[in-house]
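Engineer: Take this structure, written in structure tokens, and hold onto it; I'll ask about it next.
The values are calculated or read from the model by the stated rules, or taken from the named source; none is laboratory data. Nothing here was measured: the structure is a model prediction, and the numbers come from that model. For neighbour counting, all protein chains shown are included, and Cβ atoms are generated from backbone atoms with ideal geometry for every residue, glycine included. Remember, those area values only see protein heavy atoms, side chains included, never the ligands or the DNA or RNA. Shrake-Rupley method; radii C 1.70, N 1.55, O 1.52, S 1.80 Å.
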Amino acid sequence: MGLFTQAGVELVSAIVKFYSKEDVSRYIKGLIENYQKQIDQHGDKLGSLLRADPQPPKQDRKEAKSDKPSDAKGRLTSKGWMKMGSMLFNTSDPRTGTTEVIFQIHEEMKQKLARVAESLKSFEEASGSIIPDGAVYLLYLRNGVPERLIVDSQEKKASAFSFEGRFKIV
């Protein structure tokens, strides 16, 4: 998914079915690669924005803190933000607002990457001891991070592709 997307919604919570431990591992490693790619993209964009618009020197910190609005989590934000209901809106300083939002996404993606990497480590540790071979695996993703694995050794694996045919030599 790109930095600025017009359409499409990323699934944040889902159950994904696998037929081998290797597939589960490959999927989690793919998540890690995807998140790392997104972190790099956001980092590049953030660097470009910061180089293009350097911030002026900061004034007295006490004065700056009292003048700046804060977002829903209490973090300080730049001027130009208005709170309407549960959302913050920026109509007067879009460049700084964009920089702040991309920085926030970048930080969230780094946290998500760390949690997915920890999930992979946990899966690999459990893979050799408590997870049986030859089962069906249901991986529960919450906010894009593997959180639970359900192992169903009773369900029969469905073959991915089956072909049966008869040939006649003429």
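Engineer: For residues in the stretch 3-22 being open to solvent by 50 Å² or more (accessible area, probe 1.4 Å) and of a type in the set (S, T, N, Q), which is modelled with the lowest pLDDT?
Structural biologist: First, pick out the residues of the stretch 3-22 that are open to solvent by 50 Å² or more (accessible area, probe 1.4 Å): 3-13, 15, 17, 19, 22.
Retained after the next criterion (residues that are of a type in the set (S, T, N, Q)): 5-6, 13.
Numbers: T5: 47, Q6: 43, S13: 88.
Among those residues, the one meeting the criterion is Q6.
Matching residues to (1) at pLDDT below 90; (2) open to solvent by less than 60 Å² (accessible area, probe 1.4 Å); (3) under 16 Å from I28 (Cβ atoms):
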{"residue": "D71", "(1), (2), (3)": "yes, yes, no"}
{"residue": "G74", "(1), (2), (3)": "yes, yes, no"}
{"residue": "Q104", "(1), (2), (3)": "no, no, no"}
{"residue": "Q111", "(1), (2), (3)": "no, no, no"}
{"residue": "S119", "(1), (2), (3)": "no, yes, yes"}
{"residue": "L139", "(1), (2), (3)": "no, yes, yes"}
{"residue": "S153", "(1), (2), (3)": "yes, no, no"}
{"residue": "S162", "(1), (2), (3)": "yes, no, no"}
{"residue": "G165", "(1), (2), (3)": "yes, yes, no"}
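Engineer: Quick one: what pairs do we get from the stretch 130-151, first residue outside any strand (DSSP E or B), second among the small types (G, A, S), C-beta under 6 Å, 6+ apart or different chains?
Structural biologist: What qualifies is P132/S153; A135/S153.
Engineer: State yes or no: is R148 exposed (fewer than 13 other Cβ atoms within 10 Å of the Cβ), among the basic types (K, R), within 25 Å of I32 (Cβ to Cβ) and at pLDDT 90 or above? Give the steps one after another, and end with the answer.
Structural biologist: Working: exposed (fewer than 13 other Cβ atoms within 10 Å of the Cβ): yes; among the basic types (K, R): yes; within 25 Å of I32 (Cβ to Cβ): yes; at pLDDT 90 or above: yes.
When the stated conditions are applied, R148 passes them.
Engineer: Would you mind stating whether G43 is modelled with pLDDT under 80, farther than 30 Å from P132 by Cβ and in contact with a helix residue (DSSP H, G or I) (Cβ under 8 Å, 6 or more places away or on another chain)? Let's see the steps before the verdict.
Structural biologist: Numbers: modelled with pLDDT under 80: no; farther than 30 Å from P132 by Cβ: yes; in contact with a helix residue (DSSP H, G or I) (Cβ under 8 Å, 6 or more places away or on another chain): yes.
Considered against the rule, which asks whether it is modelled with pLDDT under 80, farther than 30 Å from P132 by Cβ and in contact with a helix residue (DSSP H, G or I) (Cβ under 8 Å, 6 or more places away or on another chain), G43 comes out as no.
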